[in-house]
Each structure stands twice: as structure tokens, then as C-alpha cells.
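The values are calculated or read from the model by the stated rules, or taken from the named source; none is laboratory data. Quantities reported herein were computed from a predicted structural model and do not represent experimental measurements. Here the Cβ is made from the backbone with ideal geometry for all residues, glycine too, and neighbour counts use every protein chain on show. Each accessible area value is taken on the protein alone, full model and side chains, heavy atoms only, with ligands, DNA and RNA left out. Shrake-Rupley method; radii C 1.70, N 1.55, O 1.52, S 1.80 Å.
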Amino acid sequence: MSRIGKAPISIPSGVECKVGENNIVQVKGPKGTLIQKVDRDIEISVEGNTLTVSRPTEQKRHKALHGLYRSLISNMVVGVHEGFVRELELIGVGYRASNTDQVLELSIGYSHPIYVLLPNEIKLSTSQEKGQPPKVRLESIDKQLIGQVAAKIRSLRKPEPYKGKGIKYSGEILRRKAGKSAGKK
């Protein structure tokens, strides 16, 4: 049996899970509400403050969906209870970030500033402290959405391996390369 799929999901106080018709799971918590449609073969049961996901057979397709939907529902429960945060750092001379509501303005070494419009489900903030690289902070209850938006922002200027310039996740460790050798002997 799937190690991830068979683990029960504990529902914290203040979070409510409902399974509707057509296997639609709705998770409501203090930070908001998330909805996920689950495959009709996967069975979901809520008993007290635990939610379990089970599969009907040992087919490869059912095994794959079992762990997938358990992880998705677990992320929904964590999202509406605590939320998710992604921080990005801009490493480079003259790199800046600022925001106006949901519009992120980036100056990352191109001849023009780059504007990124973020969805309303994501809370955006930027900070610039002296001696520290500019930071972009994203907060949301939807783990998939926040990861996708953070990856899109990072793809605008990926960190390069020689000096490390670019946009990187906070805490990300970059593999650096040695430059040209000083001289041939």
C-alpha cells in the first residue's frame, strides 16, 4: 500500500472538511476555503478530526492517484490553517523589486523594468534592507499556485553558476562553477 496514501490526515481545530457529491472536497479554515475535485474511484471518509483516503484496487493507476490526492488534500488543510510562504532574493548589482498592490516591478539587469501581475489569491510584499539583497515575499493558502508563481518569477532571471547573479529562492543553495583558469603553465 502507498506509504503516503495510507497515512491519515489530522484536521486541526477551526478547519472543516466536507466531501460533496461527485467527490468534491471542500476545506474551510480561518484563512479561506479551497476546493478540489477528486477522481471518482478514490474514496474519502471524514471521521471526527481525521480524514482518510482509500483506493478500490491495486491497479497502477489507483496506486498513483491514492498518494496524489492524499497529498493534495493534506496541502489544502495546511494551507487554510497556516498558509504557505515563498521568499525570493534578487542577487545582483542594481537589482530592485517594488510592488503596487498586485503588480510586481522588477529591475533585474535588462534595459527595461519587468512588470508581473499576480493573482488576487497571493499576498505580495517586497523589502529592501541595507546590506541585504532585495526580497520578494509571497503568501497564499494554495501551495500549487504559490509554487507556480514563484517559479515564474524565478524564470525571469535564473541564477547563473559563476557569480550567482539572478533571482533565487531564499535558502536555495546554488552550485557554483570555477571561472577561467588564471594562466596556462
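Worth a mention:
- Single match in V78, V53 (criterion: among the β-branched types (V, I, T), assigned to a strand (DSSP E or B) and surrounded by 13 or more Cβ atoms within 10 Å (Cβ to Cβ)): V53
- Taking the stretch 87-130 as the range and being in a strand (DSSP E or B), hydroxyl-bearing (S, T, Y) and more than 22 Å from G32 (Cβ to Cβ) as the test, the residues that pass are S98, T100, S107, Y115, T126, S127.
- The set of residues in the stretch 23-50 being crowded, with 16+ Cβ neighbours inside 10 Å and of a type in the set (G, A, S) consists of G29 alone.
- From the options R96, R86, R70, R61, residue that is over 24 Å from the mean Cα position of the chain (by Cα) and either open to solvent by 30 Å² or more (accessible area, probe 1.4 Å) or touching a residue at least 24 places away in the same chain (Cβ under 8 Å) (or both): R61
- Hey, R70 of a type outside the set (A, V, I, L, M) and either part of a helix (DSSP H, G or I) or farther than 18 Å from G147 by Cα (or both) or not: yes
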